[in-house]
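Below is one structure, written out as C-alpha cells; the observations come after it.
The values are calculated or read from the model by the stated rules, or taken from the named source; none is laboratory data. In this text, all values refer to a predicted model and were calculated from it rather than measured experimentally. Note: ideal-geometry Cβ built from the backbone for every residue, glycine included; neighbour counts use all protein chains shown. For accessibility, only protein heavy atoms count, side chains too; no ligands or nucleic acids. Shrake-Rupley method; radii C 1.70, N 1.55, O 1.52, S 1.80 Å.
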Amino acid sequence: MRTSLTSRLRASARPRTAALTAAAVASMTLAACGGGSSAGDADTLRFGLSAEPVTLTTGVWQGSATNFVLTLVHRGLMTLDEEGAVVPALAESVETPDPTTYVFTLHEGLTFSDGTPLTAQNVKSSLEYYANPETGSTLIAGLQDVADITVEGDTKVTITLSAPNNAFLEYLAVPTAAIVPDASLNPDTPNTVGAGPFVLEDTQAGVGMTFAKFDDFYDAEDVALEGIDVTYYADGDARANAMVSGDVDMIDYVTWENFDRVGDTDGVELDAQPGPFQYVQFNTTEGPFADPLVRQAVAHAVNRDNALTAAFQSNGEPLYGVALSDPALEGVGDELWSYDPDRAKELLAEAGYPDGFEATLLATSQYTFLQDNALSVQQDLQAVGIDVTLDAPDWSGRLEKGAAGDYDLAVSGEVGIVTDPSYLTNFVQGPDNFNRSYGYQSPELAEALEAGLRATDDAARTAAYEDAFALFATEVPFASINTRDQAWAYADDVEGFANLPGFHTFFSGYTLANVSLDR
C-alpha cells in the first residue's frame, strides 16, 4: 500500500564512503536485468522502463526514458520534492536579496560519482555551457537572462540576471540542468558521471541497466535503496504484464488501455496524474485560419469530452483553456472557450463563411491517440460546416508536413518543460516548427506573457497572466482539446514514490531517492 513520504531533501549531509572505482565498475554485471533479481531482495528495486535510453548527451532533451536516468545519476542546484515544489539540491541554500540576484551555497564536500570534487567552479562551467545556444541545450530559454556568474571559494555561487525571471529556479530543477564535471561539457562524452543518489553501473543493449546507491550523495543516509535493476519493455502490454505478474516492482508509462487491468490488480497501485495536453494548431499564413474569428469558431466547435473518451478512454481531463501546472495560478486561464456549436457557426458567419469551407486536418497514423483526437475533431468541425479531410502520414511525414506548414489544421500534443505559463511563449513567437501554428506571430501576446514572467509579486503575476489569457482567448494561437493522464504503477510494498503533478510527471524519477521496499 502506498504511504506518504516521511522525509524531504535534507539541509545538509556529510560525505561518507569513497565513490566506486573504475575497476569496481568494470567488474559489475547485469545479472538482474533479465529478471534475475528475486522479489525477496529487500533493497533492490526491479523497474520496467518503457524505452531504451539513448546515449546521454549533456544538456540536451532526449525524451522521457533518458530523463528518468538523469533523475537517478544527476542533480542540479535545485530539484523537485514529492509535491513538485522546487527545493534546493546540490545547493544547501539559496538566497535572493533582490529579484535579479541568486546566491547559492553548496553542501560541503560534494563529489561526483568518479570521486572528483564538485565545486562552485563546476556550477559556473555547467551553467555557462547550458546558456550557449550552440550546445543544443534545453535550458536556453531559462538561462537567457543570466548576466553574470561569480564564484567565491568552493561553495558559493552568485548569479545575476538582467531582469526578474519567475521561472529561473524551476529551470535549474529540470533534469538536463545537472551540474557535471567539465569533462562532460561536450556532445561526445556520455553524460553518466553525476552527483545524484545512484551510479550507473552497467548497461546491456536491448535488455536493461543497473544502478547502485552512491554513498557520497549529499543526502545518502536518507536513500534506502541499494540498487535499481532496470529492464526495457518497449511494448505497453508487455510492460503491464510484467507489472501484474510480479516480474517487476514498478513501471513507468502505463498505456491508457491498460489502466483498468493494472489498477484492478491486487497488490498493485496505479498512480496517474494529468500531464501532456493535446490541441488543434492552425496554418495562419493564408486562408480562413488567418482570421482569429475562425480560430475561435474551432475552439468552440470541439467536443472535448468526446475526444477524451475516444483517445484516452476518459483517462484525462477536457481542456477549455491553457494547460497550467502551477498551483499558484489555479483557475487562471482554464475557461477560455466552451463547447458551443451554435456560437461556432455564428463566428464562421461573422468571418464571412456562413456556408463553411473545406480544410485538411493533419494527424498521424503512427500514434493512435493523436489520430483518435483528430477523428473526433473532424466530426465536430463537420457539424458546424467545415468539411475536413484527414491527412494521416507516418510520424516522420507528420513532422515534415508540420514544419513546412503543409496543412490547414493539425492535431498535436505538448508538455511544458516548466510549469510557469511562460512556456507558452514558444507558441506565439519565434521560428515555426512542427507543433506550433504555422506562421503565427503575436508580439502583443508575447509581451503579455513576459509581463507575467517578470512580475515581482504574486498579485502582479496573476494579474499579468489573466491579461495574457484574455488575449489568448481571442487570438487562439491553438485550440486546446484535453490533457492525458500519465501513470506509473508499482507494487504495494514500494513506499515513498510520488508521481509528480502536471508537467513534472516526467521528472518523477527524482522521488526514487525516497523509495523503500517494505519486504
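Points worth noting:
- Percentage, to the nearest whole number, of Cα pairs in region 352-442 over 22 Å apart: 35 percent
- Hull-based mean projected area of region 390-438, where the convex hull spans the alpha carbons, in square nanometres: 3.7 nm²
- When the Cα atoms of region 463-509 are aligned to their principal axes, the ranges along those axes come out at 50, 23, 13 Å in descending order.
- Exposed loop positions in the chain were taken to be GluC sites (Glu not before Pro) whose DSSP state is not H, G, I, E or B and which have at most 11 other beta-carbon atoms within 10 angstrom. Between these positions, the longest stretch is 1-285.
- Of the whole protein surface, Lys345 contributes about 100 Å² of accessible area at a 1.4 Å probe radius.
- Across region 63-75, coupling constants 3J(HN,Hα) worked out from phi with the 6.51/-1.76/1.60 Karplus curve, θ = phi - 60°, read x, 5, 5, 5, 4, 4, 5, 4, 5, 8, 9, 10, 8 Hz, and Gly and Pro carry x.
- Overall dimensions of region 383-505 by Cα: Rg and Dmax, Å: 18.1, 55
- When you restrict to C-alpha pairs under 8 Å that are six or more residues apart and normalise by the size of region 129-218, the relative contact order lands at 17 percent.
- ³J(HN,Hα), Karplus 6.51/-1.76/1.60, whole Hz, each residue of region 422-431, x for Gly, Pro: 4, 4, 5, 4, 5, 8, 10, 7, x, x
- Within the accessible area of region 173-226, the carbon and sulfur atoms contribute 46%, probe 1.4 Å, all protein chains present.
- Value at 222 nm in deg cm²/dmol, rounded to 500, when DSSP H runs of n ≥ 4 in the chain each add -39,500 (n - 2.57): -7500 deg cm²/dmol
- Pairwise Cα separations in region 59-142 fall into 5 Å bins from 0 onward with the following percentages, short to long: 3, 12, 18, 25, 25, 14, 4, 0.
- Once the 1.4 Å probe is applied to the protein heavy atoms, the chain comes out at 38 Å² accessible per residue.
- Quarter of Cα convex hull surface for region 277-365, i.e. mean projection, nm²: 7.1 nm²
- Accessible area of region 256-394 belonging to carbon and sulfur atoms, whole % at 1.4 Å probe: 40 percent
- Enclosing the Cα atoms of the chain in their convex hull gives a volume equal to 138 cubic angstrom per residue.
- Against the rule of thumb 2.2 N^0.38 Å, how large the Cα Rg of region 73-231 comes out: 1.04
- Accessible area in the full protein assembly, largest first, 1.4 Å probe, for Arg343, Arg239, Arg461: Arg343, Arg461, Arg239
- Region 315-379: proportion of alpha-carbon pairs further apart than 19 angstrom, %: 55 percent
- Percent of alpha-carbon pairs separated by more than 23 Å within region 175-318: 62 percent
- For Leu45, the residues whose modelled amide H falls within less than 5 Å of its own, excluding neighbours fewer than 5 places apart on the same chain, are Gly227, Ile228, Asp229.
- Cubic angstrom per residue, convex hull over Cα atoms of region 435-519: 149 Å³
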